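Following: one structure in structure tokens, then a few remarks.
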Amino acid sequence: SSSSSSSSSSSSVGIAAASQVNDTNKNSINSNASGQVAKERLSGGCEIGATQVDEQAPQLNRRFFLGFNRVSARRRAREARARRRRQTARTTEEGNAGEQRGQGTIEEGAGEAQKPQNERGLEGTRRISNAGDAEARGGRTWRRASTIQNAIVSIVPFRRLNTRGEYLTNAVLVEEVVEAEAVVAEPLGYFAQKWKTIVCGTCFMFLTMTVVLSVYLVAEKNKEAEDDMTDLPSMQPSPSPSMDPRPTLDILQSRDFIRCGRGEWSKTESEDDLYIKLCRSIAAVVLGDPDKVEEVIVTGSDRFEKLHGGDVDLLLYGDTYTIEREVREKTTGSGFTFSTPYFYDGLTYYGESKFVECAEERKRYDYCSSLRICTYEGSTGLSFLCSYFPSDFIVVGSSLVEMMDMMRSGACNVMAGNKESLLLNIASIDIPSGGDFVMGDRLMTNEPYAVVTRNDDSEFSDIINWVVQALFYGEEKGLTKSSSLCEMYTNSTRSLSDLNFLNAVYCVGNYGEILHGDDNNRGANQINNGTTGMLYAIPFGELQPENDHNYEGISSNSTVLHNMRNNGTLNCGVIDPGGHDSAEVDETLVGMSVDYCRTLAAALFNGNFESINLLRFSANDDDSFLALNNGTIDVISGVKIEKKYDFESSALNGGFHFSTPYYYGNKTEGDNAIYSLATRDANVLLSSFVNCIVLATIYAQKNNIAKKNSVDLPLVSLFGNEFTWALRDAIGYSGSYDQIYEKNFDKGSEEEGRGRNDLNEYGGPQILSFPGLN
């Protein structure tokens, strides 16, 4: 934009700096008069230019000065076409007017001829405020600034805004030119040209730095949590705030009685009840008095919650020992410790004979369409039924007592439950006249009952386990209840080493004495004399629970399992019973122990059984347990189960956990040893994982699964998604128990019989005590 001087005698023209140069502005102004006319036509009586150096130009349009807020290309093209139309119209009008006015109006016509050129200048400044606005604001015209411009100006002090957030543009008088108009563009600074890019880049840089810093801090926090975490599953809830942090043995001795959780239904037998006698046996060992017990009634739905919350010290409810409950029980999210099973049972049916047959045959059509099976919440029977029957054939109660009530009321015609429990309670059912009610002949599942304790106190759990072993030992050795030998502690506060485990027998009775029922009809609950198989597959439970997401990340939060997986090597100690130094193994017990090491490696490392470091140890010393305790090895294979290794001692500085036995010594040759894999008590999840792999070889044998069809093994998510194929990988290397046994022992030994190292298929005797109680 430009303006001429306000003086009529002046011939100079003030030239203002602009951001764009219009072709029209390059034309010369030939006379003072034409310049004055242009000024009047542009301003309409309002000064729009600058007459002094650095003077503010109120009417200068900022759009053409800095290029901000330009209109769209489409609108500019539309306005250009409009200007051409107006110019054509003016040219035609001026030509007609010139013919009428004649020569006397030449000067005025010349001024009109100049109009199109000045109109273009006027269009370039079409957003200029009128004179009234200029006068109202002190002779200056202000333009409203945008929010972004306000922010920029607050940082960069080269533009001045008034109190209303408006900016005032400046025009600079460059020079006076005679008979020519020159337009000099003032170059913009780098920031003025690139301010949007710079602001956006700065914001992006700060955002990126924030995200990177956040990711780093989260990673560091997770790393610290991994370093500090224990070997327990991440989903295990924290102990109740009311829980006493002292060892359970100290708590019981201070309280001077023990709280046993049991079902209300078992009270019908009073003191003859197996569960009451077991509780009294434990009190006799721990407190020196079998009467120091408190019975706490629990239900099928709340028993584990009460144990976890500390309302009871142990459960004697007839709970089935499963790997799932050992790792993570459903209702609490916590794992629990189970003793050696004190009673072996199985799910069976009781009810109207024709419907019991329907249930056993899994038939659901014809008259069997009326089949309704009662069970109760929290039982393993419910899981079994849900696997084989639609929901409309199942009626679920909250407890065993309610299940009995539903049977009496006719809500169902068959009950599903553990055989022992049904035998104890069917007498209370009023059988309708003419009804043909029978107990089923088949055991549909394995149901080993065990005493349940919390898994945060391995010492107390070991005490409970050895009380059960003492009851077995008493019957094996012919020890019976004796008031003269029952030791009543004068001081109830005793250390672990001073506990008298045989007090369970002398004060209450041996296993046969406390077990109700006919001694000739005990089935699996008889002492095994070494002539029949004892390989028994403890149930897995639900290896892939419905809420599978709850198990994600368990293995990654287990220090030992996670580190072993990352290190890529299993350090496995192998016990040589003969104490030989030879590194070679043959078809012997040592070879079988090595195979179990490799089977465990296959389960850990996606089938790679060679990811293992084997170390040989003698059976004549404790070097293997010292190596296990200090972390030199992760597991010992071929170790004998003995009481002295189960508890923490000053020499070994830690207790140890033994898996399900995989080999029993030959009793006929005087070998009563029981061999298993050992881990540290502190490694709770690893201990359960090792136990699960040993059980998998027995499970495969029971279900006719070998190497070639190892994919028939169930998937398992209990230990985390990275170990989903653990059982399949293990059996894919080793095969079933029979395949391991036959690989390492002479075929001729089959003719002599394998004794206890055979599958207990037909409910044969399963009771046998561990050595160490003599």
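The values are calculated or read from the model by the stated rules, or taken from the named source; none is laboratory data. Note that the structure is predicted; figures quoted are calculated from it, not measured. Because the Cβ atoms are built from the backbone with ideal geometry, glycine has one as well, and the counts that use them run over all protein chains shown. Surface areas here come from the heavy atoms of the whole protein model, side chains and all, with no ligands, DNA or RNA. Shrake-Rupley method; radii C 1.70, N 1.55, O 1.52, S 1.80 Å.
All of (1) more than 19 Å from S769 (Cβ to Cβ); (2) of a type in the set (A, V, I, L, M); (3) surrounded by 23 or more Cβ atoms within 10 Å (Cβ to Cβ); (4) modelled with pLDDT under 95 hold for L600 with one exception: (4). Residues of region 725-740 include none that is under 27 Å from S461 (Cβ atoms), in contact with a strand residue (DSSP E or B) (Cβ under 6 Å, 6 or more places away or on another chain) and among the hydrophobic types (A, V, I, L, M, F, W, C).
Quick check on my filter: what residues within region 702-745 are small (G, A, S), in a helix (DSSP H, G or I) and either touching a Phe, Trp or Tyr at 6+ places or on another chain (Cβ under 7 Å) or in contact (Cβ under 8 Å) with a residue 40 or more places away in the chain (or both)? Passing the criteria: A726, A730, G732, S734.
Picking from residues in region 400-411 that are in contact (Cβ under 8 Å) with a residue 40 or more places away in the chain and over 13 Å from G381 (Cβ atoms), the one that is most open to solvent (accessible area, probe 1.4 Å) is V401. Being in contact with a strand residue (DSSP E or B) (Cβ under 6 Å, 6 or more places away or on another chain), at pLDDT 85 or above, β-branched (V, I, T) and assigned to a helix (DSSP H, G or I) is a condition met by no residue of region 569-577.
Quick one: which residue in T445, T480 is modelled with pLDDT of 85 or more, of a type in the set (V, I, T) and closer than 24 Å to L773 by Cα? Can you show your working first?
On the way: T445 fails: closer than 24 Å to L773 by Cα.
Of T445, T480, the one residue that is modelled with pLDDT of 85 or more, of a type in the set (V, I, T) and closer than 24 Å to L773 by Cα is T480.
Annotation: R680 fulfils all but one of (1) touching a Lys or Arg at 6+ places or on another chain (Cβ under 8 Å); (2) open to solvent by 30 Å² or more (accessible area, probe 1.4 Å); the unmet one is (1).
Applying the criterion of at least 3 residues that are more than 26 Å from R754 (Cβ to Cβ) to the strands (runs of 3 or more DSSP E) found wholly in region 432-547 leaves 437-439, 452-454. Exactly one residue out of I693, I636 is over 21 Å from F336 (Cα atoms) and either open to solvent by 50 Å² or more (accessible area, probe 1.4 Å) or within 35 Å of the chain's Cα centre (by Cα) (or both), and it is I636.
Any chance region 280-288 includes a residue that's of a type in the set (G, A, S) and out of contact with any Pro (no Cβ under 8 Å at 6 or more places or on another chain)? Checking region 280-288: at least one residue is of a type in the set (G, A, S) and out of contact with any Pro (no Cβ under 8 Å at 6 or more places or on another chain). When the residues of region 388-399 are filtered to those that are modelled with pLDDT of 85 or more and open to solvent by 20 Å² or more (accessible area, probe 1.4 Å), the one that is farthest from L347 (Cα to Cα) is D392. Flag: S717 matches the condition of being at pLDDT below 95 and farther than 12 Å from A602 by Cβ. Could you tell me whether region 756-774 includes any residue that is among the small types (G, A, S), over 30 Å from V505 (Cβ atoms) and either touching a residue at least 60 places away in the same chain (Cβ under 8 Å) or open to solvent by less than 40 Å² (accessible area, probe 1.4 Å) (or both)? Checked region 756-774: no residue is among the small types (G, A, S), over 30 Å from V505 (Cβ atoms) and either touching a residue at least 60 places away in the same chain (Cβ under 8 Å) or open to solvent by less than 40 Å² (accessible area, probe 1.4 Å) (or both).
Scanning region 314-351 for residues that are closer than 18 Å to I767 by Cβ and of a type in the set (F, W, Y) returns Y321, F338, Y342, F343, Y344. Checked against (1) in contact (Cβ under 8 Å) with a residue 40 or more places away in the chain; (2) assigned to a loop (DSSP other than H, G, I, E, B); (3) over 27 Å from the mean Cα position of the chain (by Cα), Y699 passes all but a single condition, namely (2). Here I431 passes the criteria (1) surrounded by fewer than 20 Cβ atoms within 10 Å (Cβ to Cβ); (2) modelled with pLDDT of 80 or more except the one numbered (2). Note on region 255-266: residues that are in contact with a Lys or Arg (Cβ under 9 Å, 6 or more places away or on another chain), open to solvent by 30 Å² or more (accessible area, probe 1.4 Å) and touching a residue at least 40 places away in the same chain (Cβ under 8 Å) amount to 1. Within region 640-652, residues that are surrounded by 15 or more Cβ atoms within 10 Å (Cβ to Cβ) reach partners that are of a type outside the set (D, E) and in a strand (DSSP E or B) with beta carbons closer than 7 Å, at six or more positions or on different chains, in the pairs K640/I674; K640/Y675; I641/F658; I641/I674; I641/S676; Y645/F656; D646/F656. Going by the conditions given, is S301 among the small types (G, A, S) and open to solvent by less than 10 Å² (accessible area, probe 1.4 Å)? In short, no.
Would region 732-745 turn up any residue that is of a type outside the set (A, V, I, L, M), open to solvent by 30 Å² or more (accessible area, probe 1.4 Å) and over 17 Å from T599 (Cβ atoms)? No.
Have a look at E420, E402, E361 and point out the one that is at pLDDT 90 or above and of a type outside the set (A, V, I, L, M, F, W, C).
The unique qualifying residue is E361.
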